[in-house]
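Written below as structure tokens is the structure these notes are about.
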Amino acid sequence: MAYEVNGKSFDSDEEGYLVDLASWNEELANLIAKDEEIEMTEEHWEVVNFLRDYYNEYQIAPAVRVLIKAVKKKLGADKGSNKYMYELFPYGPAKQACKIAGLPKPTGCV
Amino acid sequence: MSDEIEFNTAGVTKKFMYVNRKAPYGTIYALEVLEAVLISAAFEQHACIVFVDDGVYQIKKGQDTDAVNMKNFSKTYGIIAMEKEDADEDDDIDMVWRIIVEQESMEARGLRADDFVIDVEVIPSDKLAVIMSEQEIVISG
């Protein structure tokens with residue numbers, strides 16, 4: 001499988017996760033989000049950017065509770081909840097937000 | 001739908017020990033143990049992570065994995081350092097972290113306590129055996 005953006009092709013695995021982390025860009029993120037039926041808002045970008053920064057530093061996606069704690073810090077207590085995260089990403093922050101952020105599919109239960 | 005979904009992680013807490021014996025790359029053992037540690041940490045289990053034999057190389061500073069086309073997961077130990085700090089400072093988190101390097105293995109490889117990406121306790125083999133006997137679950141990789 002592959003995504004097409006401006007005539008450029010980006011390989012993905014059979015579930016739609018980007019193969020080459022470094023080839024990610026915002027237009028590609030918008031396209032992946034569209035496939036996931038998600039309209040990217042500022043809040044979505046906050047989560048996606050946090051995931052990318054965290055992955056760059058630690059080489060792994062954060063556990064959901066770490067993500068929620070970080071969002072709480074950045075966006076306020078009312079948004080630092082599991083419920084809010086699922087409002088943004090109905091099929092789960094791990095599955096959908098990581099995909100849009102161009103990260104590999106998270107392993108285990110994180 | 002209820003207003004708020006909360007993770008309920010209160011419950012049984014056990015003493016887990018993870019024994020890392022192998023070099024970080026070339027086999028999957030080191031990465032799999034790390035995954036297991038992170039998962040048990042999500043359930044606030046006590047975690048005593050031990051590095052012996054070539055396992056001490058797993059947390060050595062300055063790893064460059066480009067040539068072997070593997071991800072440098074020594075960086076992931078930064079998460080454990082962070083979690084340990086949280087658990088040590090926050091009285092509400094009933095969780096004990098210990099990161100131990102076996103002294104003999106470290107010295108045999110010409111390494112010192114400040115060669116690692118995370119703060120460690122350096123403990124000789126005989127004392128480590130005592131700590132091991134106090135654990136409820138020992139997982140080795």
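Some observations on this one:
- Qualifying residue in region B:17-32 (condition: touching a residue at least 60 places away in the same chain (Cβ under 8 Å) and either within 13 Å of chain A (Cβ to nearest Cβ) or among the small types (Gly, Ala, Ser) (or both)): yes
- Taking region A:50-83 as the range and being of a type in the set (A, V, I, L, M) and not in a helix (DSSP H, G or I) as the test, the residues that pass are A:Ile60, A:Ala61, A:Ala63.
- Flag if A:Lys8 is of a type in the set (Lys, Arg), surrounded by fewer than 19 Cβ atoms within 10 Å (Cβ to Cβ), over 29 Å from B:Ser40 (Cβ atoms) and without any contact (Cβ under 8 Å) to a residue 40 or more places away in the chain: yes
- Region B:38-86: number of residues that are surrounded by fewer than 18 Cβ atoms within 10 Å (Cβ to Cβ), acidic (Asp, Glu), within 12 Å of chain A (Cβ to nearest Cβ) and in contact (Cβ under 8 Å) with a residue 40 or more places away in the chain: 1
- Test: residue in region A:95-102 that is part of a loop (DSSP other than H, G, I, E, B) and either away from chain B (no Cβ under 14 Å) or in contact (Cβ under 8 Å) with a residue 40 or more places away in the chain (or both): yes
- Selection over region B:128-141 of residues that are closer than 22 Å to B:Gln58 by Cα and loosely packed, with under 13 Cβ neighbours inside 10 Å gives a count of 2.
- Scanning region B:14-57 for residues that are in a loop (DSSP other than H, G, I, E, B), within 13 Å of the chain's Cα centre (by Cα) and under 20 Å from B:Ala129 (Cα atoms) turns up B:Arg21, B:Val52.
- Tally of residues being surrounded by 15 or more Cβ atoms within 10 Å (Cβ to Cβ) and more than 12 Å from the chain's Cα centre (by Cα) across region A:32-63: 4
- Pairs with Cβ under 9 Å, 6+ apart, first in region A:69-94 and surrounded by 16 or more Cβ atoms within 10 Å (Cβ to Cβ), second assigned to a helix (DSSP H, G or I) and polar (S, T, N, Q): A:Leu88/A:Gln96; A:Phe89/A:Gln96; A:Pro93/A:Asn82
- Filtered residue count, region A:13-49, keeping only those that are away from chain B (no Cβ under 14 Å) and in a helix (DSSP H, G or I): 19
- Considered as a group, the residues in region B:87-103 that are surrounded by 14 or more Cβ atoms within 10 Å (Cβ to Cβ) and assigned to a helix (DSSP H, G or I) include one that is farthest from the chain's Cα centre (by Cα), and that residue is B:Gln103.
- If the condition is being in a loop (DSSP other than H, G, I, E, B) and surrounded by 14 or more Cβ atoms within 10 Å (Cβ to Cβ), then region B:113-127 contributes B:Val117, B:Ile118, B:Val120.
Read the figures in this text as sums done on the coordinates, not as results from a lab. Note that the coordinates shown come from a computational prediction; the quantities given were computed from them, not determined experimentally. Here the Cβ is made from the backbone with ideal geometry for all residues, glycine too, and neighbour counts use every protein chain on show.
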